[in-house]
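Shown next, in structure tokens, is the structure this report addresses.
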């Protein structure tokens, strides 16, 4: 298998998608260009929501551990711990809202 540098990957994917959409033809009509743009938009939205969810999970990992430790020492820390644990998840909700507004 031929190795492709990461900097060359977007051009390779674009060329391959054009070739596949047009049965190997290099010419691309306006409908194919719009379909390709819609596909890239959907992929970008999926990546954005996925990265937001990954970041929220990473943040909740440390916050949840600290909240459980605080609750173990003092039961009155339950509500602040719960609120702090839920805050990073709002990033994913906002990312989904942006996807639905733009999409």
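Taking the number of Cβ atoms within 10 Å of each Cβ as an exposure proxy, the fewest-first ranking of 78, 100 is 100, 78. Modelled label positions at residue 98 and residue 66, each set 7 Å beyond Cα in the direction of Cβ, lie 2.4 nm from each other. Computed extension length for residue 90-residue 35: 16.7 nm, one decimal, from 0.36 nm per residue of separation with the Cα-Cα distance subtracted. Model label points for residue 55 and residue 79, set 7 angstrom from Cα along the Cα-to-Cβ axis, are 3.0 nm apart.
Take the alpha carbon gyration tensor of the range 27-103, find the square roots of its eigenvalues, order them as a ≥ b ≥ c, and report rounded if a/c is under 1.5; if not, report prolate when a/b exceeds b/c, else oblate. Cα axes put the range 27-103 in the prolate bin.
None of the figures in this text is laboratory data; all of them are computed from the coordinates on show. Every value quoted in this text rests on a predicted model; they were computed, and no experiment measured them. Glycine gets a Cβ as well: all are built from the backbone with ideal geometry, and neighbour counts include every protein chain shown.
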